[in-house]
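**Q** I'd like to ask some things about the structure below.
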Amino acid sequence: MPMLNYTYKGRTYSNPDSSTFMGSTMRVRPGQSLWIKLTNNMTEDIGPKPPTATDYWNMLQNPGEHIKYQRYKRRVSDPSLMKVDEPNMPHGFDVTNLHLHGLDVQVHMFDPVGTHHPDAPHIGIKPGECYCYKFHVPDHHPGGMYWYHPHVHGSTAIQMWSGMIGVLYVEGPLEEELEHYGITNSHEFVIWDPAFKQVDKPTHNLEVDEFLLGQTTLSKIHPFLVNGVMNPTFEVHVGEVLHLRVLCATIENENTFIVYPEGEEDRPWKEAALPFWVIASDGVTFRKPRKKIIMVLSGGQREEVLLKFDRAGRYVISQQGIQGMQFFDMRGHPHDQILATIVVHDDSNQRRRVQTSLSYPTVAISDMEFTPGYSEAEDIQAEDIVGAETMVFSMGANFDQTPFPQYYINGKPFDPNEAMFHAQPGEAREYTLINANHNAHPFHIHVNRFQVKEMGSELSVDTYPVLESVLDFDPHAWRDTFMVPPNGRTRIWVQYKNYTGKTVLHCHFLAHEDTGMMATLFIGKKDWVFRLREHIQWIVGCALGVIITSIFVYAKRRHHGESYTVVSMNELKSKVVD
């Protein structure tokens, strides 16, 4: 398929003759069931291959640029000396499954869907196989923008760098209400950060780059694309409202959303940026629009945005200012880039306005009201919290261990057989998310929403001005993905639904997730299997103690058995005679 003036071939949800890399847009209404049959046709051998310990070792010797590998550059004499954490090595690039990101539906990461088995494996659909999913969307589900993507541990990043992304809408009142206000110029705005390499093959000349280069932003073709295009153009008329349905589908980057008059994007946004209004976040509509001049988005987040221009001309939506904050003060990553251009046409002629089919807002955007996805009465209250836990997101730099660097939650890499966190259906819990490093970690929990109650960072907003926007949160907003700032913390309240079973929470920088920054969450009562697993060392110790004691007693009886029996019988007889 065409991509960036190349012919691209890779793992996608699209058909071979499709002009877009994205999967089909799905639509469902609250109260309906959604049946999805996912067939894996990735039977053709196509790169890249999963990295080996030798690949990591070679990268550590010659990192290529002054990035995080350079920061930890230390040597072991041979790759065979490296310790390999096999479960968290990137692997299985042609095995896939499906995650409905943000939807309030049953857990569906482990096999079978909804499983309560503690050792259940990830659903893994191999080439040539298919898997049928059935989801019931609750009657009260918020209408809005959601999305779907693969989520097999070890292959998620590669498959999403390849373009395995699709949009899903839960239909609700928002679209009708926008039309009632005269807002009909709506477009999707899907931000994607693929990692490509140029190849010379008969059928194509563009493929996904190696995992290690994508993870470290060393790929030579590593742009921000919007709807699969570099700097697409959107058109609107003066006075007309442009509605953008923004999905940040990035794999390893944050990005900003700032609107400038074209040519002024080098000026500070507080001086030159134009305002816009956010009417929904992560699929949940607000009652009143929220005015902003900058958004910082991380992978997984969705924002519904309204823009209105009073003057004709050309405007740009800019990604800028993240450099230095995202990865260990390294400048140049992610790079600044114009995401899209907006052409605003002059429409001052009243007669032309009447003759065209253009729609203009019936009231000021600030005065608009929408049906909220959640009412204020549904906010989590302090007295609802039944427990509090801490999650520490950290990196290791053990130069003799792969993957490198190592990614941990609470000091441990991902173990699918260890339920690190537990919750009960219907309860509310508090989590303090701590980021121990100077890099960003977007937090995502499956099939449950949360409200952010506190944020902070040790970094200075004077040094990193964009951090001020990262720390700007609404305690009443419901999110499914949110940033844990560098060297900082985010305190959240999670409201668990009535779904039970085994699921996950993780960093939504997906190369981090693939290499360890994920944890298993079990929702529901702990069954006897879990209780045995939690006390396995005590049970084994007791069992060994009983065995050793039994052997000792048996051996002692064998040694003293004959005299002991004779004495006992003589004593018994004497007592009877007396």
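The values are calculated or read from the model by the stated rules, or taken from the named source; none is laboratory data. Just so you know, these numbers come straight off a predicted model, no measurement behind them. Quick reminder, even Gly has a Cβ in these numbers, built from the backbone with ideal geometry, and neighbours come from all protein chains shown. Note: areas computed on protein heavy atoms with side chains; ligands, DNA, RNA excluded. Shrake-Rupley method; radii C 1.70, N 1.55, O 1.52, S 1.80 Å.
**Q** Give or take rounding to whole Å, what are the principal axis extents of the alpha carbon atoms in segment 159-237, in descending order?
**A** 51, 28, 26
**Q** Same structure, new question: What number, in percent, do you get for the relative contact order of segment 126-216 if the mean sequence gap of Cα pairs under 8 Å and at least 6 apart is divided by its residue count? Write out the running numbers ahead of the final one.
**A** On the way: 71 pairs, mean separation 21.2, N = 91.
So the answer I get is 23 percent.
**Q** Projecting each Cα onto the charge dipole of the chain (Lys/Arg +1, Asp/Glu -1 at the beta carbon, about the Cα centre), which of 5, 95, 158 comes out farthest on the positive side?
**A** 95
**Q** Whole-Hz ³J(HN,Hα) for each residue in segment 189-197, computed from phi via Karplus 6.51 cos²θ - 1.76 cosθ + 1.60 with θ = phi - 60°, x for glycine and proline: what do you get?
**A** 9, 9, 8, 9, 10, x, 10, 10, 9
**Q** Using helices alone, what [θ] at 222 nm do you get for the chain, with -39,500 (n - 2.57) per DSSP H run of 4 or more residues, divided over all residues and rounded to the nearest 500? If you can, show how the numbers build up before the last one.
**A** Values: 11 runs with 100 residues, N = 578.
So the calculated ellipticity at 222 nm is -5000 deg cm²/dmol.
**Q** How large is log10 of I(q)/I(0) for segment 431-529 at q = 0.13, 0.21, 0.24 Å⁻¹ when the intensity is taken from the Debye formula with one equal scatterer per alpha-carbon?
**A** Each listed q maps to, in turn, -0.50, -1.11, -1.32.
**Q** If you place +1 on the Cβ of every Lys and Arg, -1 on the Cβ of every Asp and Glu, and leave all else neutral, what size is the dipole of segment 274-340 about its Cα centre, to the nearest 20 Debye? Don't skip to the answer; put the middle values down first.
**A** On the way: 10 positive and 6 negative charges, 77 e Å.
For this selection, approximately 380 debye.
**Q** Also, I was wondering about something else. Figure the gain on full extension for residue 231 and residue 458 (residue separation times 0.36 nm, minus the Cα-Cα span) and round it to one decimal in nm.
**A** 78.2 nm
**Q** Continuing with the same structure: Just want to confirm a number: the relative contact order over segment 394-438, from Cα pairs under 8 angstrom separated by 6+ residues, in percent. Don't skip to the end; give the middle numbers.
**A** Working: 30 pairs, mean separation 15.2, N = 45.
Relative contact order comes out at 34 percent.
**Q** I would also like to ask the following. Report, in debye and to the nearest 20, how large the dipole of the chain comes out about its Cα centre when Lys and Arg carry +1 and Asp and Glu carry -1 on their Cβ.
**A** On the way: 51 positive and 69 negative charges, 265 e Å.
Its charge dipole is roughly 1280 debye.
**Q** A further question follows. For the chain, what are Rg and Dmax over the alpha carbons, in angstrom?
**A** 28.5, 131
**Q** Can you give the % of DSSP beta bridges in the chain that are antiparallel, to the nearest 5? Please list the in-between numbers first.
**A** Working: 92 of 121 bridges.
Roughly 75 percent of the beta bridges in the chain run antiparallel, per DSSP.
**Q** Tell me which of 211, 343, 294 sits at the most positive position along the dipole axis of the chain, charges placed on C-beta atoms (Lys, Arg +1; Asp, Glu -1).
**A** Going by the Cα projections, it comes out as 211.
**Q** Restricting to Cα atoms and excluding each atom paired with itself, what does the Kirkwood estimate give for segment 365-420 in Å?
**A** Numbers: mean 1/r = 0.0624 Å⁻¹.
That comes to 16.0 Å for segment 365-420.
**Q** Counting Lys and Arg as +1 and Asp and Glu as -1, what is the net charge of the other residues whose Cβ lies under 10 Å from the Cβ of residue 322?
**A** Numbers: positive: none; negative: 254, 336.
Charge balance near residue 322 sits at -2.
**Q** Where Lys and Arg each count +1 and Asp and Glu each count -1, what net charge lies around residue 156 among other residues with Cβ under 11 Å from its Cβ?
**A** Working: positive: none; negative: 513, 514.
Once positives and negatives cancel, what remains is -2.
**Q** Stretched out fully, how many nm does the piece from residue 201 to residue 410 gain, at 0.36 nm a residue minus the Cα gap? Could the numbers behind the result be given before it?
**A** Values: separation 209, 0.36 × 209 = 75.24 nm, distance 4.51 nm.
That pair, residue 201 and residue 410, stretches by 70.7 nm at full extension.
**Q** So what's the convex hull volume per residue for the Cα atoms of segment 112-218, in Å³?
**A** On the way: hull volume 20.9 nm³, N = 107.
With only Cα atoms used, segment 112-218 gives 195 Å³ per residue.
**Q** Computed from the mean reciprocal separation of all distinct C-alpha pairs, what Kirkwood hydrodynamic radius does segment 253-335 have, in Å? Walk me through the intermediate numbers first.
**A** On the way: mean 1/r = 0.0717 Å⁻¹.
Its Kirkwood hydrodynamic radius stands at 13.9 Å.
**Q** Over the Cα atoms of segment 167-208, how large are the radius of gyration and the largest Cα-Cα distance (Dmax), in Å?
**A** Expressed in Å, the Cα Rg and Dmax of segment 167-208 come to 19.1, 52.
**Q** OK, next. For the chain, what relative contact order do you get, as a whole percent, if you take Cα pairs closer than 8 Å and at least 6 residues apart?
**A** Details: 1360 pairs, mean separation 88.6, N = 578.
This gives 15 percent for the chain.
**Q** Please work out how much accessible surface residue 116 shows to a 1.4 Å probe, ignoring ligands, DNA and RNA, in Å² rounded to 10.
**A** Accessible area of residue 116: about 80 Å².
**Q** Pairs to check: 197/292; 9/37; 291/502; 37/497; 49/453; 291/412. Give those whose C-alpha atoms are more than 31 Å from each other in this structure.
**A** Details: 197/292 37 Å; 9/37 23 Å; 291/502 39 Å; 37/497 25 Å; 49/453 42 Å; 291/412 40 Å.
Beyond 31 Å between Cα atoms: 197/292; 291/502; 49/453; 291/412.
**Q** Where does segment 356-486 land on Rg/Rh, using Cα atoms and the Kirkwood Rh?
**A** Rg divided by Rh gives 1.07.
**Q** For segment 196-334, rounded, prolate or oblate, judged on the Cα gyration tensor with a ≥ b ≥ c (square roots of eigenvalues), a/c < 1.5 rounded, else prolate if a/b > b/c? Please report the intermediate quantities before stating the final value.
**A** Values: a/c = 1.81, a/b = 1.68, b/c = 1.08.
Here segment 196-334 falls in the prolate category.
**Q** Separate question: Give, rounded to the nearest 20 debye, the magnitude of the charge dipole that segment 401-522 has about its Cα centre when Lys and Arg contribute +1 at Cβ and Asp and Glu contribute -1 at Cβ.
**A** Using only the charged Cβ atoms, the result is roughly 380 debye.
**Q** Among residues other than residue 507 whose Cβ falls under 13 Å from its Cβ, what is the net charge (Lys/Arg +1, Asp/Glu -1)? Could you put the intermediate results ahead of the total?
**A** Working: positive: none; negative: 252, 254, 513, 514.
Summing Lys/Arg as +1 and Asp/Glu as -1 gives -4.
**Q** Charges on Cβ only, +1 for Lys and Arg, -1 for Asp and Glu, centred on the Cα centroid of segment 401-511; of 413, 476, 490, which one is farthest towards the dipole's positive end?
**A** 413
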